[in-house]
Structures are given as structure tokens and as C-alpha cells.
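> Here's a structure for you.
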């Protein structure tokens with residue numbers, strides 16, 4: 001920790017070695033231009049015949065810009081005519097102190113203009129764009145403040161008071177705030193469920209439109225009772241090459257882990273949520289305890305845990321997001337150990353760390369991107385040797401993780417393997433077209449969304465760490481110190497993650513799939529006491545709060561949670577009892593297809609919770625390429641879906657229910673019993 005702290009303090013001292021507190025002419029000019037542009041925006045809003053500009057009512061813009069104009073002109077006046085007055089001195093110091101937030105605010109404004117596609121060549125687009133661009137460069141080039149020197153006596157007195165308050169907070173035993181912070185997300189979610197929704201944990205069920213959550217819940221329930229002996233869960237009845245895996249399209253390790261716990265404890269509908277709670281609590285407490293953080297640092301970890309919205313959003317859902325977020329906390333411990341004092345990390349610990357990253361890659365392939373840096377920190381010897389070996393070994397282990405995952409999952413409906421296969425057969429043009437498609441989709445709706453928030457944070461992390469690397473180079477630090485720094489690790493993290501995301505993932509899910517890796521950045525900032533940068537990133541999450549809650553499928557993750565805790569109907573129980581007369585799981589079946597139900601894709605919703613556990617759910621992803629005769633014993637579909645396959649199906653109608661018609665597949669070779 002000392003080595004990391006000293007390096008960062010030396011960089012800050014290089015930045016702030018000429019602090020005389022005077023307001024430079026260029027800052028006065030920038031403030032003047034900004035005030036004039038604010039006045040121009042006020043005039044535009046006042047004269048506009050439109051009801052809204054930038055999607056905001058013109059009346060509100062007029063009021064806000066008028067207030068901003070008055071304040072801006074007052075600041076400009078004292079900057080020019082009373083530069084030695086305490087007021088302009090304090091304002092200038094505040095601007096320097098919050099220069100990171102100034103840059104973030106400016107970037108957010110620029111991104112907003114680009115997202116809503118305001119013509120930058122017009123007055124209404126050009127004026128705010130120039131103003132925001134100017135604001136960004138002011139924040140970028142402003143001289144940082146030194147906290148051992150203040151321009152006004154009362155500020156120094158306040159800082160002394162603040163230091164004493166921090167010392168008092170840090171005098172509290174770290175385990176107390178550690179426990180509070182670890183349980184804080186769970187407490188918030190329980191308050192939302194019990195007070196906000198008027199429900200209970202026992203009311204939970206995958207009742208929303210999100211079929212990913214439904215599929216995970218069904219698979220976990222089946223694994224808890226049938227293990228590897230369940231029916232097949234696969235699109236178009238296409239199976240994984242691993243004969244033992246009957247589950248899913250992504251890595252099945254999540255199913256095995258949570259399902260094994262369910263086998264030990266017994267199945268409850270809300271059990272996946274309870275496992276989420278336990279795993280997240282353990283991960284947070286393990287991080288704050290293992291890294292030896294003080295109480296103030298732990299408070300900032302708590303802010304990360306409650307303001308990074310995907311942590312709260314996916315805690316009360318049956319998904320692997322909470323598990324991956326917990327992995328993010330664990331990997332942050334690993335990199336903290338390396339960044340603090342790499343030499344004291346013994347060989348067994350280094351081997352364990354590499355193994356843990358490789359194991360994480362088997363849960364989600366994007367974790368494999370960290371194999372290169374963890375190997376770089378683990379290896380000894382000359383710098384060039386460490387770099388080459390870490391790249392070669394890291395890429396080799398990553399390929400191994402890809403091959404294992406490819407062996408475990410069905411050969412369809414996985415964007416990673418589809419794009420890999422497409423690039424190998426049709427060339428790199430496939431990937432270029434996919435990137436263009438991703439960018440188009442991200443800005444399609446001309447409104448801010450959480451994926452733009454994630455990309456904005458990535459740009460800020462990249463830009464700020466690039467400036468730190470440049471300062472390290474100018475201060476003549478060794479190449480080994482620079483490559484081993486947190487700045488380079490953060491840059492590698494966000495660049496590799498972004499590249500992998502645009503090449504192989506789906507941009508609609510960036511805000512949740514990128515979050516676990518970015519957690520490492522946030523947590524290391526808290527551990528390094530880089531509070532202003534951390535607060536800048538958290539501020540973006542606060543600004544985008546509504547987008548996070550309402551973005552997914554134009555309804556939002558908050559709506560998913562609300563639907564999941566709605567009361568079930570008596571009709572569901574009646575239908576479930578009727579279906580159980582025909583569909584039963586038979587653990588003695590040697591053929592898993594005899595424990596499998598085939599449905600059309602649009603049937604993949606809450607009705608499937610009425611199917612007995614152990615019955616596999618295969619679905620028709622592409623009717624034209626569906627191989628016949630179908631193998632599943634049961635078919636649940638409406639007449640239109642049945643007619644799509646036409647004469648290729650040989651079935652017998654067993655019954656008509658509110659959730660669809662149930663058929664027995666005569667081609668399955670399975671016995672029908674009631």
C-alpha cells in the first residue's frame with residue numbers, strides 16, 4: 001500500500017508544484033466565454049417557438065439558463081475586477097478542486113448533444129457544444145490544488161476540522177463499518193421488497209417478461225432435484241458436445257454451483273436470491289477485511305455497492321450477475337495485493353491467483369482478459385521476458401477457457417461463438433459489421449441510456465489514466481514501475497473489455513456485463529483513496545439513475561423486479577395440477593428426451609414455471625432449420641406454432657389449457673403414461 005501511495009503522491013506533487021492561487025488570464029477568458037454562451041442559450045430558449053429544446057421544456061431551460069447567466073456574469077465580474085476578493089479566490093479554488101467533476105459534467109453534456117443528434121453547426125447545437133468543450137478543457141488543464149496550502153484562513157481551519165472528523169471516523173474499528181457496508185445492499189433490497197412493493201421474499205417467482213431470468217430459475221430448480229439427469233434444455237434441440245450437460249446456452253457452472261447449494265438446502269422459489277445475498281455479503285466483507293481498509297475507505301466501498309445500480313438491480317433476480325459481481329470483489333483483492341507489494345506475494349499465492357482468474361473465465365469468458373495482467377504480476381525476471389510470457393501464457397489459457405466453454409454449451413444462440421466462427425469462415429468483415437451494428441443500436445433511440453453511461457465512464461477512466469501515465473513518463477519513472485502501475489491496469493481493463501464487448505457481446509447488456517470488471521476499477525480507487533475520481537464516476541451513475549431503471553426492453557429492470565414479486569393467481573396452481581397429470585419427470589428414463597418438452601420461443605415465459613422440475617425445456621429458435629423428426633416427448637404450443645412445422649410433426653393432442661395445447665410426440669419413441 002505504501003509503495004502505491006508514494007507513487008501517486010509523487011505524481012500529485014509534480015502536478016501542483018506551482019500553486020500561487022492567482023487566477024490565470026486564460027481562466028478569466030474561459031469564464032467570460034462561458035457566461036456569454038449561457039446568455040445566448042437563455043435568449044434562444046426565450047425566443048424559441050418550440051415547446052422543448054434537447055427534450056427539455058423551453059420554459060425550464062429559460063429559467064435555468066437565466067439563473068446560470070446571472071451567476072456566471074457575477075463570477076466573471078469579480079474574476080476581472082476584484083481578483084483578490086475572497087469570493088473569486090474561493091470560487092477558483094473550488095473549480096480546481098472539482099476539476100474532475102467539471103470534465104465529467106462537460107463530457108456528459110457533449111454525449112447528450114451527440115445522442116439526441118442536435119446539429120452542431122446550428123446555433124442551438126453549436127453554442128452549448130463549444131461551451132461544454134471549453135468547460136472540458138478548463139477542467140483538464142487546470143492546476144490541481146494542494147491540500148497542505150489554502151488561500152483563505154477559514155478554509156485552512158475547515159480542513160483541520162475535516163481531518164479531525166476523518167480521524168474520528170477512522171478510530172471506529174474497521175469491522176463495524178465493514179459489516180454494515182456488506183449488508184447494506186441486502187437491507188436496501190429488502191426495504192424495497194417489503195415496504196416499496198408490499199411483498200415478501202417468499203412471493204418471488206420469475207413472472208416478468210425477461211426469459212433469461214426464467215430460464216436460469218427453471219434450470220436451477222431442475223438441477224436441485226434431478227441434477228445431471230434432467231431433460232434437455234437447448235434451442236432447436238441442439239445439444240452441447242459435453243454429454244453430461246443438459247443446461248443452457250452460456251457457461252453451466254453457475255447452474256452447477258447454485259444448484260448444488262439447492263440440493264443441500266432444499267429448493268425454495270426464492271433460494272437463488274438468498275444465495276445472491278450470502279455471496280455478495282461475503283465478497284464485500286472479504287474485500288474490506290483482506291485489504292485492511294480504514295473506515296472512510298469502507299464508506300466509499302459502500303457507496304460503490306449502492307450506487308453502481310446493477311448491483312442492486314440484479315440482487316433480487318435469478319441471474320449470474322451477482323455471482324460475477326462477487327468475483328469482481330475477489331479479483332480486486334488479488335490486484336490490490338499485487339499493486340501494494342508484489343514482492344511479498346509468495347509463489348503458492350501467485351499460482352492460486354492465476355487459477356482463480358482462470359476459474360472465473362469459465363463462469364464468464366470476459367474474466368479471461370485478466371489472465372495477462374495477473375500473469376505479468378506473478379512472473380519474475382526481466383521486464384521483456386515477463387511481458388512476452390504473460391501474453392503467451394495468458395492467451396493460451398484464455399483459448400483453453402474458450403475451448404472448455406465451447407465444449408459445455410450448445411452450438412447455437414451464443415454471440416461470442418457465432419462471431420468467432422463467422423470471422424474464421426467469412427473474414428474480419430463480419431466483426432467490422434458487427435461493431436457498426438452495435439454502435440448504431442446504442443444511439444438508435446436518441447436518448448441517454450445506461451450503456452452510454454458505461455461507455456462514458458470507460459472514456460473517463462481511459463483518459464484520466466492516460467494523463468497519469470504521461471506524467472509518470474515525464475517524471476522518468478522506470479518502464480517496470482509504469483507497466484506495473486494501477487493506471488496501466490485500469491487502461492488495459494477498459495480497453496480490452498470494450499474491444500471484447502463490441503466484437504462479441506450484445507450492446508443492450510453492456511451496462512450489466514461490463515459492471516463486474518469495472519468494479520475492480522472502482523474498488524481499487526477506494527483502496528488507493530482516489531476519492532475525487534471515484535466520486536466523478538459515481539456521479540454519472542446518479543445522473544443516469546432513471547435510465548438504469550427504465551432502459552431494458554423499454555420497460556426496465558425495476559419493472560422486472562416489480563413483476564417478480566406480484567402475487568400468483570389461483571388459476572396457475574390449477575393449471576399446474578392439470579399438467580402434472582400428463583407431464584411427469586421419470587428419473588428412470590435412460591433417454592433424456594423422454595423428460596423434455598418442446599415449445600415455440602414466444603412460449604418461453606412464466607407459464608413454464610408450471611412444468612414439473614426435471615423436465616427439460618427445449619425451444620424452437622428457427623423453425624426452418626429445425627431438424628425433424630423432433631425428439632422431445634412433449635410439445636406445448638398453440639395451433640399456429642404447430643402448423644409451422646406442418647406434416648413434419650406426428651403428434652397426439654393430450655389436452656388444451658390456458659397456457660397452450662399439450663401434445664404427445666409420436667416420433668419420440670417414449671412411452672406415454674398418465
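> I'd like the orientation of helix 570-580 relative to the chain: the angle between its Cα long axis and the longest Cα principal axis, in ° from 0 to 90, rounded to 10.
That helix lies at roughly 50 degrees to the long axis.
> Moving to a separate point now. Could I have the simple spin-label model distance between residue 580 and residue 154, label points 7 Å from Cα toward Cβ, reported in nm to one decimal?
For residue 580 paired with residue 154, the spin-label model returns 7.3 nm.
> Could you work out the helix-only [θ] at 222 nm for the chain, with each DSSP H run of four or more residues adding -39,500 (n - 2.57) and the total divided by the number of residues, to the nearest 500 deg cm²/dmol? Let's see the in-between values first.
On the way: 29 runs with 422 residues, N = 674.
Rounded to the nearest 500, the figure is -20500 deg cm²/dmol.
> Let me ask something else about it. Angle between the Cα long axis of helix 450-474 and the longest principal axis of the chain, 0 to 90 degrees, nearest 10?
For 450-474 against the chain, the angle is about 50 degrees.
> Here's a follow-up. Which percentage, to the nearest 5, of the DSSP beta bridges contained in the range 570-665 is antiparallel?
Working: 10 of 17 bridges.
Restricted to the range 570-665, the bridges split so that about 60 percent are antiparallel.
> Moving on to the next point. What residues from the range 56-100 fall in the zone where the backbone N is under 19 Å from a label point 7 Å along the Cα-to-C-beta line of residue 47?
58-67, 69-70
> Still on this structure, please answer the following. Compute the distribution of all C-alpha to C-alpha distances in the range 20-145, in bins of 5 Å from 0, and list the percent of pairs in each, rounded to whole numbers.
2, 11, 19, 23, 20, 13, 8, 4, 1, 0
> May I ask for the equivalent-ellipsoid semi-axes of the range 161-218, computed as the square root of five times each C-alpha gyration tensor eigenvalue and listed largest first in whole Å?
Values: eigenvalues 302, 35, 21 Å².
The three semi-axes for the range 161-218 are 39, 13, 10 Å.
> If you take every DSSP beta bridge whose two residues both sit in the chain, what share of them, in percent to the nearest 5, is antiparallel?
Given both bridge residues lie in the chain, the antiparallel proportion sits at roughly 60 percent.
> Report P(r) for the chain: all Cα-Cα distances, bin width 10 Å, range 0 to the bin holding the largest distance, values in whole percent.
3, 13, 21, 23, 19, 12, 6, 3, 1, 0
> With no solvent and one point on each alpha carbon, what is the Debye value of log10 I(q)/I(0) for the range 217-375 at q = 0.20 Å⁻¹?
-1.30
> Can you tell me the length gained on complete extension of the stretch residue 130 to residue 346, counting 0.36 nm per residue apart and subtracting the Cα distance? Please report the intermediate quantities before stating the final value.
Details: separation 216, 0.36 × 216 = 77.76 nm, distance 5.33 nm.
That pair, residue 130 and residue 346, stretches by 72.4 nm at full extension.
> A further question follows. Sequence gap at least 6, Cα distance under 8 Å: using those rules, report the relative contact order of the range 20-145 to the nearest whole percent. Walk me through the intermediate numbers first.
On the way: 125 pairs, mean separation 39.0, N = 126.
In percent, rounded to a whole number, it is 31.
> Given Cα pairs under 8 Å that are at least 6 residues apart, what percent is the relative contact order of the chain? Please report the intermediate quantities before stating the final value.
On the way: 904 pairs, mean separation 115.8, N = 674.
RCO, the chain: 17 percent.
> Bin by bin, in steps of 10 Å, what percent of the Cα pairs in the range 506-550 do you find, going until the bin that has the longest distance?
25, 49, 24, 2
> Can you give the FRET efficiency to the nearest 0.05 for residue 187 and residue 542, using r as the Cβ-Cβ distance and R₀ = 22 Å?
Values: r = 20 Å, r/R0 = 0.90.
The formula returns an efficiency of 0.65 here.
> Any chance you could give the angle, 0 to 90 degrees and rounded to 10, that helix 515-528 forms with the longest Cα principal axis of the chain?
Once rounded, one gets 40 degrees.
> Oh, and also: What relative contact order, as a whole-number percentage, does the range 570-665 give when Cα pairs under 8 Å and 6 or more residues apart are counted?
Details: 132 pairs, mean separation 26.3, N = 96.
Across the range 570-665, relative contact order equals 27 percent.
Every read-out reported here was derived from the displayed coordinates using simple, explicitly stated rules and does not represent laboratory data. Here the structure is a predicted model, which means the values were calculated and not measured. Every residue, glycine as well, gets a Cβ built from its backbone with ideal geometry; the counts of neighbours run over all protein chains shown.
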